Amino acid sequence: MKDRILNALMLLAVAAALIVTWIRGGAEKQPEILPMNLAAQAAPEPTLHPADAYKQTRLKTRDREQTALTALLNATDTDAEVRLQAQKQLAELVQNSEIELAAEAALLARGYEKALCVSRAGEAIVFVSGEIGAQDAALILEILEEASGLPRENIRVSGYAF
């Protein structure tokens, strides 16, 4: 008799579990131990060409410099001498940017995609990948000379840079 009662209770418990499972909509989902989005390896970022990496760094640096100089110029407590120096540096920064952009645009137009120009302290250096012809070098020198006002002896053009 005792066995029959235990068997009946067991059958009732199993029936109750089946009814609850049926009402809830099926088997309970097992939690993921490691989510799939973490298990998948992220694709590595493509490595930038050295010229592109330099251009990105140059842009960020110029933005920071320009912001700092503008803040210095706009500050009410800035000394007149400091303000004059900040104006000179800002004008030099803009001039260097214009020289570099003009040279890089001319090189891009001539088919040199990964060209790079660096203009600092009255000098300009142009780097290109591959061989540069005499006609292209003369064009680049002329463009830089006109854009910068620099003498030709302060302008350098370098091929096979990267």
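The values are calculated or read from the model by the stated rules, or taken from the named source; none is laboratory data. Treat the numbers as computed from the prediction; the structure is a model and nothing was measured. Cβ coordinates were reconstructed from backbone atoms using ideal geometry, including for glycine residues, and neighbour counts include every protein chain displayed. Surface areas here come from the heavy atoms of the whole protein model, side chains and all, with no ligands, DNA or RNA. Shrake-Rupley method; radii C 1.70, N 1.55, O 1.52, S 1.80 Å.
Structure above, values below:
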{"item": "Condition check for THR78: among the hydroxyl-bearing types (Ser, Thr, Tyr) and either under 24 Å from SER148 (Cα atoms) or touching a strand residue (DSSP E or B) at 6+ places or on another chain (Cβ under 8 Å) (or both)", "result": "no"}
{"item": "Filter result for the condition that a residue is outside any loop (DSSP other than H, G, I, E, B) and either more than 22 Å from the chain's Cα centre (by Cα) or on the phi > 0 side of the Ramachandran plot (or both), over LEU108, LEU73, LEU59, LEU93", "result": "LEU73"}
{"item": "Identity of the residue in region 105-136, farther than 25 Å from ALA53 by Cβ and at pLDDT 85 or above, that ends up surrounded by the most Cβ atoms within 10 Å (Cβ to Cβ)", "result": "GLY122"}
{"item": "Evaluation of GLU28 against (1) surrounded by 12 or more Cβ atoms within 10 Å (Cβ to Cβ); (2) more than 30 Å from LEU139 (Cα to Cα); (3) modelled with pLDDT under 90 (one fails), failing number", "result": "(1)"}
{"item": "Search result, residues across region 137-161 that are free of Cβ contacts under 8 Å to residues at least 12 places away in the same chain and either closer than 20 Å to VAL94 by Cα or open to solvent by 60 Å² or more (accessible area, probe 1.4 Å) (or both)", "result": "GLU142, GLU145, GLU146, GLY149, PRO151, ARG152, GLU153"}
{"item": "Single residue of region 70-93 satisfying the filter (free of Cβ contacts under 8 Å to residues at least 24 places away in the same chain and either of a type in the set (Ser, Thr, Tyr) or within 25 Å of HIS49 (Cα to Cα) (or both)) that is surrounded by the most Cβ atoms within 10 Å (Cβ to Cβ)", "result": "THR78"}
